[in-house]
Protein chains: 2
Amino acid sequence: MTTNRTIRLKARPSGMVGPEHFDFAEEAMPVAGDGELLVKTGFISLDPAMRGWLNEGKSYIPPVGIGEVMRAGTVGEVVASNADGFAPGDWVAGIWGVQTYAAVAAKDVHKIDTGLAPPERWLGALGMPGMTAYFGILDVGALKDGETVVVSAAAGAVGGLVGQIAKVKGCHVVGIAGGAEKCSYVVNELGFDACVDYKEDGVLKALATACPKGVDVYFDNVGGPILEAAMTLLRRGARVVICGAISGYNDFSKIQGPRNYLNLLVQRARMEGFVVFDYEARYGEAIRDIAGWLQSGKVKAKEDIQHGIERFPEVLQMLFKGENFGKLILKP
Amino acid sequence: MTTNRTIRLKARPSGMVGPEHFDFAEEAMPVAGDGELLVKTGFISLDPAMRGWLNEGKSYIPPVGIGEVMRAGTVGEVVASNADGFAPGDWVAGIWGVQTYAAVAAKDVHKIDTGLAPPERWLGALGMPGMTAYFGILDVGALKDGETVVVSAAAGAVGGLVGQIAKVKGCHVVGIAGGAEKCSYVVNELGFDACVDYKEDGVLKALATACPKGVDVYFDNVGGPILEAAMTLLRRGARVVICGAISGYNDFSKIQGPRNYLNLLVQRARMEGFVVFDYEARYGEAIRDIAGWLQSGKVKAKEDIQHGIERFPEVLQMLFKGENFGKLILKP
């Protein structure tokens with residue numbers, strides 16, 4: 001046996017999160033109690049929502065406590081089992097955080113089928129980002145065939161899937177991403193109809209050109225001026241799906257609401273937020289559909305796998321700097 | 001016969017609308033052509049939306065043209081008829097604008113039953129404000145029994161009805177209005193459970209106290225900091241109905257979006273705009289319900305009737321200064 005290597009929250013960031021807010025430690029191996037499993041972490045998910053979990057105060061889940069292991073979605077292999085129905089060698093998914101081993105209650109994890117997709121994909125297309133994309137665009141966005149869909153952070157884990165699902169549903173799909181390389185990937189690899197580079201001038205004009213009929217569904221991961229640009233182009237009866245606002249996560253005091261929100265009135269449109277956990281009872285439906293699309297090649301999954309648990313803080317920063325390409329994952 | 005007195009748009013305002021933007025004139029009497037009626041204007045409706053009609057550019061209806069009679073909802077008496085089904089003495093409602101007489105196509109007006117309610121009420125509780133309140137709170141707001149409803153401009157034509165309809169539906173209803181006199185009217189005359197004076201300090205705290213369970217439906221007529229305060233208190237699954245934003249109508253450049261719009265995500269809430277004209281096919285349903293509530297005393301209507309067509313510009317300003325009390329109407 002070896003030690004458990006952990007990343008614990010040391011201090012709450014007030015601006016950009018960085019290495020100064022975390023402690024890396026080597027600790028004693030955890031021991032699985034009754035009904036628990038000892039799992040070895042295979043892959044750790046890095047998500048924009050993590051930044052929100054570091055802030056004090058009420059949100060949709062409690063913040064990570066100072067001194068606690070950093071919360072993260074995880075997949076791993078069962079090393080020892082004190083619970084019925086689980087055996088060493090099983091792969092499970094859970095939220096046991098940024099550590100190389102964990103003792104977790106069997107009720108807090110679920111088995112994943114590594115025959116259907118490799119383990120890391122259960123943190124991406126078949127994990128939270130996949131569930132978020134699926135229910136966000138189909139349920140909250142109430143997508144209809146042939147509509148025009150715009151999605152920001154289109155080269156990211158959620159955005160890339162949202163657009164691909166919309167293509168499966170016969171929509172005209174336009175991404176927004178940062179830089180020529182990402183835009184090329186979004187169009188040529190993921191099959192979007194167009195992609196607007198938000199780092200270039202004239203985002204609104206480029207978006208208007210790419211959406212000649214206007215925008216029926218805008219799926220927002222970023223907030224800020226990009227949200228405003230998309231809202232300028234809403235069509236009658238449009239839906240704006242608020243999934244996140246990564247541009248503001250490191251400084252909530254700078255978040256602006258969309259100044260053109262009255263376009264919701266002019267266009268009889270709605271803006272709606274959601275939290276994927278509310279759809280837990282329906283995850284099976286999403287996994288079945290997405291796995292089918294992956295197998296038939298209609299949807300592609302891409303993971304950006306970084307290595308070394310001690311690099312967690314800098315890898316997390318990649319998300320907020322827009323440096324990742326596909327689903328960002330840490331292999332400890 | 002006499003002359004037709006008119007108010008025509010002289011110049012587009014860039015800030016607060018005022019007398020300098022209109023011309024008052026005495027003109028020749030209009031003549032009713034085939035299929036038309038000559039009507040004598042009984043009452044003219046003054047509405048916040050008028051400010052939007054003065055701006056150049058695309059909106060839900062075209063702007064009023066320079067030199068045109070100012071658009072306004074109107075009721076009046078038929079003086080001469082060249083159309084089947086209409087006779088002198090009939091009362092009709094239409095949108096023939098700020099003038100004492102008009103020749104209007106019979107297809108552009110509808111008869112009103114002055115036995116059911118006096119003519120001016122067909123510009124208020126049984127007119128556009130009534131339709132706006134009814135479909136806004138029941139249809140867009142998707143009101144459910146026992147919910148907590150907050151409405152701004154609660155002493156105004158739409159707000160006062162929204163709250164009273166919500167009371168009919170068994171809700172806990174809190175108004176927001178300017179000044180002690182209006183707040184007293186909203187609670188004591190209209191029967192709201194509470195009313196917060198936005199001219200006092202501590203609006204958010206007062207609103208939180210008045211809504212101990214939080215806010216299920218917020219019906220917004222004003223925008224700005226009041227919208228933000230209400231959005232801070234949203235409950236899970238809340239609906240924000242965007243009816244207007246009078247605080248910004250005279251200077252669109254100053255409109256801010258709600259900085260806390262991400263609360264839509266945390267609370268799985270939605271913000272939705274609407275335009276009452278979309279409900280035209282269902283106006284009969286609303287008139288039937290509202291007339292019934294008026295007759296049974298469950299809902300009270302109040303009109304603030306000003307006199308003199310030449311005073312139109314200053315009376316219009318009363319709306320934006322919050323000086324009216326109930327539905328603002330001009331008797332020419």
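Values in this text are rule-based calculations from the coordinates and carry no lab data. Not measured: the values here are computed from a predicted model. Here the Cβ positions follow ideal geometry from the backbone for every residue, glycine too, while neighbour counts run over all protein chains shown.
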Ascending count of other beta-carbon atoms within 10 Å, so fewest first, for A:91, B:96: A:91, B:96
Mean separation of Cα contacts under 8 Å, 6 or more apart, over the residue count of chain B: relative contact order %: 18 percent
Intensity falloff of the stretch B:128-277 expressed as log10 I(q)/I(0), Debye formula with alpha-carbon point scatterers, at q = 0.09, 0.21 Å⁻¹: -0.23, -1.42
Unpartnered cysteines - no second Cys beta carbon under 4.7 Å - across chain B: B:171, B:211, B:243
In the stretch B:194-269, the trypsin sites (Lys or Arg not before Pro) that fall in loop regions by DSSP, at most 13 other Cβ within 10 Å: B:199, B:213
Estimated FRET transfer efficiency when R0 is 60 angstrom, pair residue A:295-residue B:56 (beta carbons, to 0.05): 0.65
Three-way shape label, chain A, alpha-carbon gyration tensor, a/c 1.5: prolate
Antiparallel bridges, percent of DSSP beta bridges restricted to chain A (to nearest 5): 50 percent
Euclidean distance between Cα centres, the stretch B:146-166 to the stretch A:146-205, Å: 42 Å
Relative contact order (%) - criterion: Cα under 8 Å, at least six apart; region: the stretch A:161-208: 33 percent
Max mean-square fluctuation residue, GNM over chain B, Cα-Cα springs under 10 Å, options B:289, B:113, B:278: B:278
Pairwise label distance in nanometres, residue A:12 with residue A:281, each label 7 Å out on the Cα-Cβ vector: 3.4 nm
Flagged links, alpha-carbon separation over 19 Å, of B:205/B:302; B:182/B:321; A:182/A:302: B:205/B:302
Calculated log₁₀ intensity ratio I(q)/I(0) where the Debye formula runs over C-alpha points of the stretch B:131-194, q = 0.24, 0.27 Å⁻¹: -0.91, -1.12
Segment residue B:205-residue B:253, extension gain: residue separation times 0.36 nm, minus the distance between their alpha carbons: 14.4 nm
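Which FRET efficiency value, to the nearest 0.05, do you get for residue B:321 and residue A:20 by plugging their Cβ-Cβ distance into 1/(1 + (r/R0)^6) with R0 = 60 Å?
According to the calculation, E is roughly 0.70.
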Helix-only mean residue ellipticity at 222 nm for the protein assembly as shown, each DSSP H run of n ≥ 4 adding -39500 (n - 2.57), per residue, nearest 500: -6000 deg cm²/dmol
Residue with peak Gaussian network fluctuation, chain B [Cα springs, cutoff 10 Å], from B:222, B:203, B:241: B:203
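Identify the trypsin sites (Lys or Arg not before Pro) of the stretch A:280-322 meeting these criteria: DSSP loop state and at most 13 other C-beta atoms within 10 Å of the C-beta.
The qualifying sites are A:321.
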Where only C-alpha atoms are counted, convex hull volume of the protein assembly as shown per residue in Å³: 170 Å³
Residue of chain B whose Cβ sits closest to the axis mapping B onto A, with distance in whole Å: B:257, 1
Calculated FRET value between residue B:95 and residue B:188, using beta carbons and R₀ = 30 Å, to 0.05: 0.30
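Determine the percent antiparallel among the DSSP beta bridges restricted to the protein assembly as shown, to the nearest 5.
Numbers: 60 of 112 bridges.
About 55 percent, rounded to the nearest 5.
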Shape call, the stretch B:217-331: gyration tensor on alpha carbons, a/c limit 1.5: oblate
The stretch A:128-277, relative contact order in percent, only Cα pairs under 8 angstrom and at least six apart counted: 22 percent
Calculated Rg and Dmax of the stretch A:11-59 using C-alpha coordinates, Å: 14.9, 41
